[in-house]
Structures are given as C-alpha cells and as structure tokens.
Amino acid sequence: MHDSLYHGPPEGGLLVAPLDEFTAVYHRASGITHLLTEPAPQILAILGEGALSLDALLDRLGLDYDLADGTREALAARLAELVESGLVERA
Amino acid sequence: MRHSFEVRIGPVGFRIGSDWRAPIAHLETLYRDYPKPLDGVPDFTVRLFARRPWRRFLRPSVEIGGDYMLPEAAPLPLRQGLLAAEMAMNLQMALGARRYLLLHASAVERDGRALLMTGISGAGKSTLATLLAARGWRFMGDEFALLDPATGLIHAFPRLISLKNDAIAAAEAAWPTARMGPLMPATPKGDIRHMVPDARAIAAMDVPARPALLVFPRYGFAPEIRAVQPGEAFVRMTQASTNYVALGEAGFRALTGLIAAVPSVAVDYPDGASAIAQVEALWAEL
Amino acid sequence: MSDETRSYQDPADHGSAAPSADGVGAEAVPTRRRVLALGAVTAGAVVSIRPALAQTVGSVLNCEIPVPDPGRAGSYIDADGKVVPARTKGAFPPSSRPFKGEEVKRAMANGSTLPGTDSERSRAYVKYIRRLQRGQGGFTCFASLQMPRG
C-alpha cells in the first residue's frame with residue numbers, strides 16, 4: 001500500500017480543456033468526459049510526467065504549491081476518486 | 001408503405017413512409033416550399049405504421065419507426081399523425097445524427113452570428129425564437145441547432161415550429177400571416193400546433209452562422225440577467241445534446257470550443273416583450 | 001514532455017478561463033507556490049458526465065412503461081416492487097396495460113395512484129419502476145422522467 005504507484009493515462013491519452021474553476025477532461029481510452037476541480041488537474045499533470053507513490057506525489061505537490069493545511073489523507077481521497085473514475089491506475 | 005414523402009431540412013434529408021395518407025398530406029402541404037433531399041438520397045428514413053393490419057382502420061394507431069427506433073415509443077392516434085411524423089424525425093436525428101453535434105436549442109441569426117437559446121421544456125426556446133424572428137432575426141430552428149465540429153459554425157435546421165398551449169396564441173399574434181398546421185388538442189404534450197417558418201428562413205437554410213451568444217431562458221420570473229460560468233454552461237450543454245457522447249472526441253472539442261468562444265447568460269423573464277428587450281440589450285453589448 | 005495534456009487556451013496560459021462577456025471566471029496563471037487546496041477527505045473533485053440518454057426520450061417521444069417488462073411478462077410484483085413468480089401470495093398481478101410516461105410522472109410527483117389500480121397496487125408498481133435497470137424494458141422511459149426535459 002505504502003509503495004503502490006499511481007499512473008496517469010499514457011501520453012496523448014487525455015484532452016484537457018480548462019473552463020474556469022472546473023476543467024473538462026476527455027479520456028480517450030474510455031470516451032468518458034469528466035469535470036475536474038483542483039487539485040485533480042494538477043495531480044494529473046504531475047502524474048503525466050511519470051508514476052508516483054502517494055508520498056512522492058505529496059512531496060512533489062508541496063514543492064510546486066503551498067499545500068496550506070492539506071493532509072495526506074485528503075490527497076489519498078483525491079487519488080481514490082481519480083482511480084474510481086478510471087483516470088488513474090494504481091499498481 | 002403506400003404513401004411517402006421526401007424533404008430536406010437544412011443539411012438533413014428525410015424520407016417518410018406511412019400506412020395512411022393523412023399525415024403525408026399534412027407534410028406535403030406544410031413543407032411544400034422546402035427542397036428535396038440532396039441528389040434525391042435521404043439521410044434518414046421514418047416509418048409511420050400500423051402494428052396490425054386492421055389497426056389501419058380500427059381505432060387507427062400510428063406507431064413510430066425508422067432507421068432508429070426505441071421500443072418504448074407509445075403509438076399516437078391517427079388524428080395526431082402529423083405530430084407522430086415530427087416526433088419520428090426528431091428521434092432519427094436524436095439517435096442517429098453523427099455529422100453534427102446536436103444541441104437542444106433554438107437558434108436565430110443576425111449579421112452572420114447565431115443566438116442560441118436552450119433550456120427545459122417550457123423555458124421558452126420555441127416562443128422566443130418565433131418572437132425574435134418576427135423582429136427581423138433569421139429563424140434557424142426551434143428544436144435542434146447543429147454544431148459543425150470541423151468549423152464551429154451553427155447550421156440551421158428549420159423544422160415546423162412546434163408550439164404548445166399558450167405559445168400557440170403568442171406565435172399567432174406575432175406572425176398573423178404564418179401558415180399553420182392543424183390544432184391538435186390534448187396530445188401527450190398538451191395542445192400542439194405547428195407553424196411553418198417564414199420564407200426567409202427556408203431560403204437561407206443552407207447558410208450557417210458563427211455562434212455568438214448562448215442564453216438559458218427561464219419563463220415566469222422577474223427580469224434578471226446572470227452570467228453562467230463556463231463550467232456550468234459546459235455541463236448543461238452535455239445534457240442538452242443528444243449525441244455528445246456518441247461523437248466522442250469530436251464532440252468534446254466542439255462543445256469545449258463553443259463554451260470557450262461564446263458567453264453564456266441566464267435570462268429570467270416574465271413575458272415575451274421583456275425577454276426580447278433583455279436579449280437585444282445583451283446582443284448589443286457583445 | 002507533458003504532451004498528453006493539451007490545453008484549448010493559449011499554451012502559455014495554463015489556467016486561464018474562457019473569455020466571456022462579463023469577464024468572469026478568469027483564473028490566475030498558476031505560479032510556483034500558490035495555494036493548492038487538496039480539499040476535505042469527504043469532498044469531491046471529479047464528476048463524470050453521464051450520457052443524456054434520458055433527454056433523447058423525454059424530449060422527442062411519447063413513451064410508456066410496462067409492468068413488468070416484456071421479458072418477464074406474466075410475473076407478479078410484490079409489495080417491495082420486486083418481480084416474483086406468478087400467483088405468489090400477497091403479490092400483485094401484472095398491469096393489464098403499460099403506463100404512459102406522464103401517468104408515472106404524476107404518480108411519483110404527488111403520490112396519486114396509477115390509473116386502473118388501487119393505492120397498494122400502485123405503490124408496488126411504482127417501487128418496481130424505481131428499481132428498473134438499464135437494459136430492462138421501460139428503463140429509458142423511466143430515466144427520462146427523472147431528468148428535466150429541454
């Protein structure tokens with residue numbers, strides 16, 4: 001669990017259209033459109049560069065952004081949502 | 001199918017076959033100024049049929065069929081045969097259209113730009129389009145607006161305008177010389193009467209327009225205008241499109257492109273005159 | 001490197017919103033170390049768009065719902081809306097005719113009874129209808145009643 005890696009879609013696997021606080025995303029593999037709000041687009045962008053574990057992702061987000069009082073549990077919940085929607089795979 | 005009729009509406013050609021003469025006679029009359037399908041080849045077939053041979057005569061009941069069918073469609077009595085034909089054409093478009101992204105919206109055009117109006121039944125899409133057309137806008141359609149994924153342009157689909165209940169009188173008042181179909185009282189959707197679009201709308205049906213404003217009207221409220229955020233507008237339009245999912249990637253690009261290019265506005269209005277005034281004011285500010 | 005995401009805005013404008021008449025929704029370009037809210041554990045950040053199948057049926061067709069669906073014709077409906085074998089004690093026989101979309105909508109909205117039924121039987125039928133799944137006869141008609149028709 002501690003070491004599982006989260007994978008985003010392969011290169012070219014997503015179409016991304018930021019709208020406002022929401023971002024529309026088309027997942028080519030499934031043909032499903034999702035509406036995302038932060039931090040989901042940011043998570044996907046980082047995972048697009050390579051698979052990461054939960055802790056590595058948390059660290060990377062902390063480098064790029066000020067996470068304020070965001071918790072590891074909250075990030076885990078966001079990843080669970082992304083996995084459930086099919087946008088992220090956990091291996 | 002002993003009776004048939006062919007017609008082209010915008011870029012879409014239909015062939016309607018019927019077990020009865022009456023609905024075809026109505027279609028021939030009301031669509032008499034419309035062109036035939038391009039090269040004589042229709043895009044969709046519609047069938048109005050009797051489930052059993054004797055139902056052609058005994059309590060005649062019109063079943064709706066065609067290229068695309070839904071098993072749960074309920075039949076209509078023959079006196080509402082014209083409504084059955086129009087619903088059947090809608091069904092073919094809703095389920096089968098792939099060339100254009102279908103938006104459940106009315107559309108009118110001015111100076112090459114299109115105003116789209118979308119919303120739930122009763123919000124006023126048809127009525128507003130009819131009223132605006134009476135004030136010099138070119139009528140493009142009251143049920144579906146066709147968005148071309150390749151160009152982002154809106155193509156007209158000027159079917160017979162389907163007016164319900166109170167809207168019938170309002171439209172007749174705005175267009176006293178318009179040709180009307182039969183009044184069909186007490187259909188599953190209330191009293192219905194069809195109005196033939198004006199000559200200008202028919203003549204210009206092949207001229208697309210660049211979308212410029214997306215309006216979400218709401219009838220029966222004090223006048224108010226609110227911006228609709230792009231995210232909300234996008235989601236509402238995915239629900240207002242019958243073939244968004246079927247078009248896949250092209251649908252996504254077309255719809256996000258539309259939302260990115262066009263402001264979305266909610267317009268609450270108490271009556272037609274107020275709606276017209278608000279819409280004209282918004283258009284002037286573009 | 002991040003070719004897999006493609007923005008429809010000016011590529012330099014990572015988070016910029018669509019232009020609009022009111023200038024609303026313009027999001028600041030994310031700079032290093034801006035605040036990113038991870039959200040509460042119970043909050044949501046992902047919504048999947050469901051196909052508007054119901055819109056199709058609701059807006060273009062006059063539809064009806066048989067009770068039970070034709071695939072299980074002859075079966076009875078128990079008080080919980082489940083389909084049970086014919087003549088099960090305490091269960092209700094199938095409806096003699098399908099119900100129109102409008103009739104079902106009314107029954108669900110204000111609790112009136114479905115035509116031709118008494119209140120207990122109507123309740124059982126309504127529960128059956130609420131349990132319909134995609135692929136069962138009447139589902140698309142039922143789904144169209146749930147969504148606002150446009």
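Would you calculate the separation in nanometres between label points at B:ARG79 and A:GLU21, each defined as 7 Å from the Cα along the Cα-to-beta-carbon direction?
So the two model labels end up 5.4 nm from each other.
Can you put B:ILE64, B:ILE24, C:ILE49 in order, fewest other beta carbons within 10 Å first?
C:ILE49, B:ILE24, B:ILE64
Grab the DSSP H runs of chain B that are 4 residues or longer, score each as -39,500 (n - 2.57), total them, divide by all residues and round the 222 nm result to the nearest 500 deg cm²/dmol.
The helix-only estimate for chain B comes to -9500 deg cm²/dmol at 222 nm.
Neighbouring Cβ atoms within 10 Å as the yardstick, rank B:SER121, B:SER264, C:SER119 fewest first.
With the sparsest Cβ surroundings first, the list reads C:SER119, B:SER121, B:SER264.
Add -39500 (n - 2.57) for each DSSP H run of 4 or more in chain A, then divide by its residues: what number comes out at 222 nm, to the nearest 500 deg cm²/dmol?
Dividing the helical sum by the residues of chain A leaves -11000 deg cm²/dmol.
Averaging sequence separations of C-alpha pairs under 8 Å and six or more residues apart, then dividing by the length of chain B, give the relative contact order as a whole percent.
Relative contact order for chain B comes out at 17 percent.
Residue by residue through B:242-250, how many Cβ atoms from other chains fall within 10 Å of the Cβ on average?
4
Going by how many other beta carbons lie within 10 Å of each one, how would you line up C:CYS141, C:CYS63, fewest first?
Fewest-to-most ranking of C:CYS141, C:CYS63: C:CYS63, C:CYS141.
Along the Cα-to-Cβ line of B:SER274, 7 Å from the Cα, sits a label point; which residues in segment B:201-243 have backbone N less than 14 Å from it?
Correct set: B:217-226.
Pulled fully out, how much extra length does the chain show between C:ARG131 and C:ARG50, if you take 0.36 nm times their separation in residues and subtract their Cα-Cα distance?
Difference between extended and current length: 27.3 nm.
Residue farthest toward the positive end of the dipole of the protein assembly as shown, with Cβ of Lys/Arg at +1 and Asp/Glu at -1: which of C:VAL46, B:ALA284, B:VAL62?
B:VAL62
Kindly state, to the nearest 0.05, the FRET efficiency for B:LEU58 paired with C:SER96, given R0 = 22 Å and r defined as their beta-carbon distance.
0.70
Projected area of chain A, taken from the Cα convex hull and averaged over every viewing direction, in nm²?
5.7 nm²
Local charge sum around B:ILE16 (other residues, Cβ-Cβ under 14 Å, Lys/Arg +1, Asp/Glu -1)?
0
Quick check: pseudo-label points 7 Å beyond the Cα along Cα→Cβ at A:ASP69 and C:ASP80, how many nm apart are they?
Each label point is offset 7 Å from its Cα along the Cβ direction, giving 4.4 nm.
Starting from the Cα of C:LYS105, draw a straight line to each of the lysines and keep only those under 17 Å, dropping any in the same chain fewer than 8 residues away.
List returned: B:LYS189, C:LYS127.
Treating cross-link reach as a plain straight distance, find the aspartates and glutamates whose alpha-carbon is under 16 Å from the alpha-carbon of C:LYS82, omitting any fewer than eight places away in the same chain.
Partners found: C:ASP69, C:GLU120.
Can you compute the modelled spin-label distance between A:GLU84 and A:ALA29, with each label point 7 Å from Cα toward Cβ, in nm?
My value for the distance between the label points is 1.9 nm.
Specify which residue in the list C:ASN110, B:GLY96, B:TYR219 is farthest towards the positive end of the charge dipole of the protein assembly as shown, using unit charges on the beta carbon of Lys, Arg (+1) and Asp, Glu (-1), about the Cα centre.
C:ASN110
Laboratory data are not the source of any read-out in this text; all were calculated from the coordinates shown. What you see is a predicted model, and the numbers here were worked out from it, not measured in a lab. Every residue, glycine among them, receives a Cβ derived from its backbone with ideal geometry; neighbour counts consider all protein chains shown.
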